[in-house]
Amino acid sequence: MCGCGIRSLRYLIESNADFVLANDANERHRRVILDNLAQVERFQGEKKRWVITHYEATRVLTDCYLQRDYYDFIDLDSFGSDSSFFLRAAFSSLKLDGLVYVTSTDGYSSGGHRPFHLMCSHLNQKLGIISTVTMNPFSFFGQWWDNYGFFILFYFFIYSSLAAFGAYVRPMPYANELGLRILIGGAVREASVLGYSVTPLFSYYSYHGPVFRVLLRMNRGKLPDDKYYGFICYCNRCGNSQAVSWDKLGQIRCPCGISNDSSSLVVSGPLWTGPLHSADYIMEMLNLAEHWGWVGNDAGSHLEKLLKQMVEESDPRLPFGFIKLDEVARRAQANTPSIRNMMNALHKEGYAASRSHIAASAIKTDCPMAGCIRIAKELHGC
């Protein structure tokens, strides 16, 4: 997972970590990792600063647990959704109040789109098949595959998606935020099996990849409020979203009352429906970044903007999801309002509103879609 070892080197130099265990299953990376970590003196015995291993992640983490060698911080950074398979072993080898940093680059699952592409990619990895987009890797099955292959793949998709994230996701306008929420939800589920609770300190999405990154703090006991692990329902007719608890799954109705047609409602879950960040923790990060000179004095403007947006997103009044202003304009049949004008109008009416670090042209607000449409029309002079 450590790749070329640069992040491990940064933990040693910039974070001044006492000790770093850098593991990558590919032994061919060893020389590169060694060359990078050699910039920090290794030492021996109790003063040893770093060590490199080349095992499957679950084996490394389980060995740490069996030896009672618990860690303050574990960074799980693997391709696709594989990090989810190592969570239970990671929690077992983590100190109480420790941090685990989880990654996913599986944008297909979070978007609920192109299931056939996702299914083929999973099967190609499992079977070791190398293929191009234009080639059917299962053509050797002949006519039997043409007749029954889709049903096998459909079953495998459901199994793989649930195995990786413990959630079934339908297409929704805020798909990339769902990617963070299914990642957190999967961690909540795995931790609860071991009698632990986890809470997100910050959640970050980057379009490059895409990459979903979540920092979680683990403690003993259940979450104080189970309402944050449930389902999200979106109405395609009115554009409103709502949280749905487990006991209300058979009673889902949209508050808009436009239609009783259930086909307009889509449900995703179970996943995390609570806050994505801890404002206090992000303020600590921002203060530390200023102390290190990473922000301020014309340095780190992007980092400072990002952290301040996350603080705004941490407003407890803000629900999950976000509203794209282009969608508001389409429904209002008006020009797209500027984010600044829209947020000012929402604040004047007493609503909470912030920008979203996930989508530049979207806002997070507790104002329903109907209210946003009305405000957009007023700003347009309709």
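Summary of computed values
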item: Members of the stretch 163-197 that are part of a helix (DSSP H, G or I) and of a type in the set (Ser, Thr, Tyr); result: 192
item: Identity of the residue in the stretch 314-332, in a loop (DSSP other than H, G, I, E, B) and among the hydrophobic types (A, V, I, L, M, F, W, C), that ends up farthest from residue 235 (Cα to Cα); result: 318
item: Conditions (1) part of a helix (DSSP H, G or I); (2) at pLDDT below 85; (3) open to solvent by less than 50 Å² (accessible area, probe 1.4 Å): number failed by residue 108; result: (3)
item: Pick from the stretch 333-372, criterion part of a loop (DSSP other than H, G, I, E, B) and hydroxyl-bearing (Ser, Thr, Tyr), ranking: least open to solvent (accessible area, probe 1.4 Å); result: 356
item: Leading residue by the ranking (nearest to residue 311 (Cα to Cα)) among those in the stretch 178-199 that are open to solvent by 10 Å² or more (accessible area, probe 1.4 Å) and not hydroxyl-bearing (Ser, Thr, Tyr); result: 188
item: Filtered residues of the stretch 207-220 (kept if surrounded by fewer than 19 Cβ atoms within 10 Å (Cβ to Cβ) and not polar (S, T, N, Q)); result: 207, 208, 209, 210, 211, 217, 220
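The values are calculated or read from the model by the stated rules, or taken from the named source; none is laboratory data. Source: prediction; values computed, not measured. Backbone-built Cβ (ideal geometry, glycine too); neighbour counts: all protein chains shown. Areas reflect the complete protein model, heavy atoms only, side chains present, ligands, DNA and RNA absent. Shrake-Rupley method; radii C 1.70, N 1.55, O 1.52, S 1.80 Å.
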